[in-house]
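The values are calculated or read from the model by the stated rules, or taken from the named source; none is laboratory data. Source: prediction; values computed, not measured. With ideal geometry, Cβ positions are generated from the backbone for all residues, glycine too; neighbour counts draw on all protein chains shown. Quick note on the areas: whole protein, heavy atoms, side chains included, nothing else; ligands and nucleic acids left out. Shrake-Rupley method; radii C 1.70, N 1.55, O 1.52, S 1.80 Å.
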Amino acid sequence: MSAKPLSLLARPPSIAALLHRARGPVRTGLLVAVPLVGAAGAILCAGLAWRDVSANRAIAALEAGTDRPVSVDAPPELLLARIRFLVARERFEAAEPLLAALDRTGSADLRGRAQISLANARLRQAFAKLEAGELDPAAPLVGLARQAYRRALTLRPEAWDAKFNLDVASRLVRDFPERGREHGEEMPADPKKIWTDIPGQPRGLP
């Protein structure tokens, strides 16, 4: 009685055979996927374009003096516009979270511009206090302005207005009366002569 021959294991199909079998479904899938990808891309582009248009409108409104609410995840250019709007109206607390957001997402140029706007607003406050004869509250405002100008110049070293206004602020601190010595700087000037060494109003202020 002859032995029953062993059955052979079926050989796996070749890669070419697999591709041949799958060619129909794959082709159908591609035909479906390509239009879907294109539609998704079109929707994304439309969304980005709408966002840009909306942001530009908000920027234009803020620059024209019309307030617009701005979230911290807004585009950096819009954050800057809102910061400038707020600090020009001395709403510094409202500007703080936007400044922090701009520091995270904005370019050095935009961040520098924000610091210049902040410093200019602080220096304007200091001038107003000095003109009103309120020397005590003017000193810390000058200090805050100087800090912001220095930050701005680390980000935008070419900003001539910031350099000029920093010099003006430094002269103000130098020429403060004796009361300012508690801040650690020599300030021997007579209060009535506090403006003698200052070259007019700071031309860099907006």
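Residues satisfying the criterion are present in segment 22-41 (criterion: modelled with pLDDT under 60 and either within 20 Å of the chain's Cα centre (by Cα) or charged (D, E, K, R) (or both)).
Quick check on my filter: what residues within segment 72-100 are part of a loop (DSSP other than H, G, I, E, B) and either open to solvent by less than 60 Å² (accessible area, probe 1.4 Å) or charged (D, E, K, R) (or both)?
Asp73, Ala74, Pro75, Arg89, Glu90, Arg91
Checked against the criteria, Asp103 counts as surrounded by fewer than 21 Cβ atoms within 10 Å (Cβ to Cβ) and under 23 Å from Glu158 (Cα atoms).
Answer yes if at least one residue in segment 162-175 is open to solvent by 60 Å² or more (accessible area, probe 1.4 Å), assigned to a helix (DSSP H, G or I) and closer than 10 Å to Gln115 by Cβ, and no otherwise.
The answer is no, given that none of the residues of segment 162-175 is open to solvent by 60 Å² or more (accessible area, probe 1.4 Å), assigned to a helix (DSSP H, G or I) and closer than 10 Å to Gln115 by Cβ.
Take the conditions (1) touching a helix residue (DSSP H, G or I) at 6+ places or on another chain (Cβ under 7 Å); (2) at pLDDT below 95; (3) over 20 Å from Asp161 (Cβ atoms); Leu79 misses just one of them, which is (2).
Residue pairs whose Cβ atoms lie under 6 Å apart, sitting 6 or more positions apart in sequence or on different chains, and linking a residue in segment 90-118 that is closer than 17 Å to Asp67 by Cβ to a partner that is assigned to a helix (DSSP H, G or I) and basic (Lys, Arg), are Leu98/Arg82; Ser117/Arg84.
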